[in-house]
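Encoded as structure tokens, the structure appears first; notes follow it.
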Amino acid sequence: MQHEPQPQPADELDAQAVRTWSSLAVAALGRAREDIDAINVYPVADADTGTNLYLTAESADRALAEALGTSPASVSETTADGDGNGPVPGTGTPSLPEAVRAYAHGALIGARGNSGTILAQLLRGVADVLGDEPGDRGPGRMLAEALTRAAEEAYRAVAHPVEGTMLTVAAAAARAGEAAGAAAGTAADVALAAYDGARAALAATPGQLAELGRAGVVDAGGCGLVAVLGALWQALSGRQPAAEAVRGRAVPVPRPPRPCDAEEQGGPAYEVIYLLEAAEPAVTELRERLDGLGDSLVVVGGDGLWNVHVHVDDPGAAVEAGVVAGRPYRIRITHFADERRRARGERVQRAVVAVVPGEGLAGLCGEAGATTVLARPGEVPDAAALVEAIRRAHAREVVLLPGGADQRAVAAAAAEQARADGVRVAVIPTRSAVQGLAALAVHDPEGSFDEDVVTMTAAAGATRYAELAVAERQSFTSAGICQAGDVLGLIDGDVAVIGAGLDETAQAVLERMLGSGGELVTLVLGPEVPDALAERLEAYVQHGHLAVDTVTYRGGRYSAPLLIGVE
């Protein structure tokens with residue numbers, strides 16, 4: 001909930017000040033988001049920088065509000081020591097370090113786009129300093145150091161920093177704040193100096209970056225950062241920045257019409273974002289790998305949790321790189337051509353939304369143009385997640401691939417809700433990820449909706465599916481009694497083979513499936529399955545069925561040990 005700022009004492013910086021700053025930043029970005037979207041020309045003209053910054057700040061605000069609502073029983077029992085860093089006795093109010101860390105963490109897990117990811121790292125830099133013991137530093141000096149650390153960490157997070165961007169604005173704010181802090185300014189003085197320094201730097205960005213100069217606009221991300229810094233000054237002083245000062249030149253400027261297809265724009269075709277649980281050495285290797293795949297690489301975070309952002313032509317490879325480094329989740333893959341159509345106020349005519357059981361499959365389907373929803377083992381995505389994916393696809397018509405029989409009821413509920421929003425939705429009754437892949441392979445966005453749905457449904461229905469799983473306990477199955485550790489071969493949902501190992505069970509399953517014919521075998525390998533197994537199965541198919549082709553994919557984390565499709 002947003003609230004009016006209450007003036008802080010002249011040199012006080014505490015948890016309540018952070019709460020007020022957060023609330024005012026969300027309000028400021030909410031007012032400016034459309035203007036910022038309108039001037040978004042770098043690094044990709046997809047008109048979403050204002051929205052991404054707003055959503056990132058909103059996520060940070062939610063996390064901070066939850067921290068401030070913590071019950072007294074869960075807060076440290078230590079007493080306040082008078083420096084503004086201990087919990088307030090008897091109230092359960094988090095300390096300044098707890099507040100800023102919650103604020104930064106909320107931004108990290110909710111960061112959207114290039115600008116939102118950088119904002120998350122800026123807030124992490126602030127938290128790194130304000131989360132420390134103050135020593136003999138006053139609040140003004142601490143804030144100045146926090147702004148400096150924020151700019152330094154943001155530059156380090158970006159693989160190839162470019163001047164004339166949000167980074168430049170952050171650095172200018174830090175320099176101005178440092179000068180005020182060195183002159184023994186209060187926290188409010190430092191915030192005002194940083195705000196003024198950022199405004200001046202923002203006004204200069206068109207002369208630093210050719211894309212901005214040609215469009216006649218300031219940097220969109222920098223404009224958002226000015227709004228955030230204005231909110232900081234307002235929180236500490238109780239004085240409201242003038243609206244025109246926040247926007248500067250940040251107003252829509254007419255531009256000559258020109259094609260917006262991917263080739264004219266240049267650069268990679270996809271934006272990939274995910275959260276990653278990984279150790280720092282693995283993240284260092286990940287940066288190098290992703291830097292070779294694309295551009296606009298930003299990796300922020302620390303302490304085992306990272307937010308990864310990159311623009312690539314091969315989103316599957318970017319996701320797989322994350323799988324190698326650790327555990328990626330909340331994967332978002334955006335096709336820039338679709339985003340540019342949305343930026344022009346156009347809806348995509350048709351889109352595919354697919355529920356997938358593995359992160360590698362999410363990348364594969366994203367590369368094929370689908371909007372994906374990840375389903376972890378034993379979990380069924382709720383209708384709200386599917387509705388959000390349908391809205392994110394921003395299409396007049398949507399083909400929904402639920403991925404499993406247990407997900408079809410949820411898919412039907414999501415489809416009904418989307419239809420109420422005016423979207424035409426058809427649910428393809430897929431029962432396995434391999435059926436979804438078969439349907440996606442024949443998807444024709446240029447044909448009629450009904451014909452496309454019929455063709456995709458036929459392709460899914462013509463694909464027999466199997467899954468290999470490991471029995472967790474002794475139990476009765478349709479193929480007999482299995483023991484814990486046995487490998488189960490399920491064909492079309494029923495246990496058909498019980499074996500001792502993956503190889504022999506997979507071969508037995510393939511022989512049964514191919515006994516009734518087939519032209520193509522699809523193998524989807526789980527994260528722990530070696531490539532050698534796929535090679536042996538391909539050789540097995542080729543030896544016994546010369547006319548049958550085989551394709552192999554990596555399912556990635558959360559995928560079953562082996563999925564098999566026969567068409």
Expected output for the range 30-53 (first residue without any contact (Cβ under 8 Å) to a residue 12 or more places away in the chain, partner part of a loop (DSSP other than H, G, I, E, B), Cβ below 8 Å, 6+ apart or cross-chain) is none
Looking at the range 132-152, is at least one residue in the same structural domain as Ala107 (by TED's automatic domain parsing) and more than 23 Å from Ala183 (Cα to Cα)? no
State all residues of the range 528-553 that are under 21 Å from Glu359 (Cβ atoms) and buried (at least 17 other Cβ atoms within 10 Å of the Cβ); if no residue qualifies, say none. Val529, Leu533, Ala534, Tyr553
Which condition number in (1) buried (at least 21 other Cβ atoms within 10 Å of the Cβ); (2) of a type in the set (A, V, I, L, M, F, W, C); (3) farther than 21 Å from Ala60 by Cα is the one that Ala159 fails? (1)
Say whether the condition of being at pLDDT below 85, of a type in the set (A, V, I, L, M, F, W, C) and surrounded by fewer than 24 Cβ atoms within 10 Å (Cβ to Cβ) is met by at least one residue in the range 405-422. yes
Pairs needed: first member in the range 280-296, more than 12 Å from Val310 (Cβ to Cβ) and assigned to a helix (DSSP H, G or I); second member anywhere, among the small types (Gly, Ala, Ser) and at pLDDT below 95; C-beta distance under 6 Å; at least 6 residues apart or different chains. Ala282/Ala325; Ala282/Gly326
Pick from the range 92-111 the residues that are among the small types (Gly, Ala, Ser) and in a helix (DSSP H, G or I): which of them is farthest from Tyr54 (Cα to Cα)? Ala99
Please verify whether the range 367-379 includes one or more residues that are among the basic types (Lys, Arg), at pLDDT below 85 and under 17 Å from the mean Cα position of the chain (by Cα). yes
Could you check, for the range 39-46, whether at least one of its residues is in contact with a strand residue (DSSP E or B) (Cβ under 9 Å, 6 or more places away or on another chain), surrounded by fewer than 24 Cβ atoms within 10 Å (Cβ to Cβ), at pLDDT 90 or above and closer than 30 Å to Val310 by Cβ? no
Taking Ala409 and the conditions (1) among the small types (Gly, Ala, Ser); (2) touching a residue at least 12 places away in the same chain (Cβ under 8 Å); (3) outside any strand (DSSP E or B), which numbered condition does it fall short on, given that it satisfies the others? (2)
Do we find that His335 is closer than 18 Å to Asp48 by Cα and in contact with a helix residue (DSSP H, G or I) (Cβ under 6 Å, 6 or more places away or on another chain) in this structure? no
Please specify each residue of the range 301-348 satisfying the condition of being modelled with pLDDT under 75, in a helix (DSSP H, G or I) and among the aliphatic types (A, V, I, L, M). Ala337, Ala343
For Leu520, indicate whether it is among the aliphatic types (A, V, I, L, M) and crowded, with 19+ Cβ neighbours inside 10 Å. no
Take the residues of the range 380-391 that are closer than 18 Å to Glu359 by Cβ and surrounded by fewer than 20 Cβ atoms within 10 Å (Cβ to Cβ): which is modelled with the lowest pLDDT? Val380
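Residues are listed down the side, and each one gets a yes or a no for (1) part of a helix (DSSP H, G or I); (2) hydroxyl-bearing (Ser, Thr, Tyr); (3) at pLDDT below 95:
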position: Met142; (1), (2), (3): yes, no, yes
position: His160; (1), (2), (3): no, no, yes
position: Gly164; (1), (2), (3): no, no, yes
position: Arg175; (1), (2), (3): yes, no, no
position: Gly181; (1), (2), (3): yes, no, yes
position: Thr205; (1), (2), (3): yes, yes, yes
position: Glu211; (1), (2), (3): yes, no, yes
Hey, can you tell me all the residues within the range 210-235 that are at negative phi and surrounded by fewer than 22 Cβ atoms within 10 Å (Cβ to Cβ)? Ala210, Glu211, Gly213, Arg214, Ala215
Qualifying positions in the range 539-567 - in a loop (DSSP other than H, G, I, E, B) and more than 23 Å from Gly515 (Cβ to Cβ): Gly555, Gly556, Arg557, Tyr558, Ser559
Against the condition more than 21 Å from Val158 (Cα to Cα), without any contact (Cβ under 8 Å) to a residue 40 or more places away in the chain and assigned by TED's automatic domain parsing to the domain that holds Leu437, how does Ala354 come out, does it pass? no
Quick test for you: out of Val497, Val453, Val509, Val521, pick the one residue that is of a type in the set (A, V, I, L, M), at pLDDT 90 or above and over 18 Å from Gly565 (Cβ atoms). Val453
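Yes/no per residue for (1) more than 19 Å from Ala235 (Cβ to Cβ); (2) within 27 Å of the chain's Cα centre (by Cα); (3) of a type outside the set (S, T, N, Q); (4) crowded, with 22+ Cβ neighbours inside 10 Å:
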position	(1), (2), (3), (4)
Gly110	yes, yes, yes, no
Gly116	yes, yes, yes, yes
Ala127	no, yes, yes, yes
Gly131	no, yes, yes, no
Ala144	no, no, yes, yes
Ala150	no, yes, yes, yes
If Gly403 satisfies every condition in (1) in contact (Cβ under 8 Å) with a residue 40 or more places away in the chain; (2) under 24 Å from Ala278 (Cα atoms); (3) part of a loop (DSSP other than H, G, I, E, B); (4) not polar (S, T, N, Q) but one, which is the exception? (2)
The listed residue being at pLDDT below 85 and of a type in the set (A, V, I, L, M), out of Ala362, Ala395: Ala362
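The values are calculated or read from the model by the stated rules, or taken from the named source; none is laboratory data. Because the structure is predicted, anything quoted here is derived from the model rather than measured. Here the Cβ is made from the backbone with ideal geometry for all residues, glycine too, and neighbour counts use every protein chain on show.
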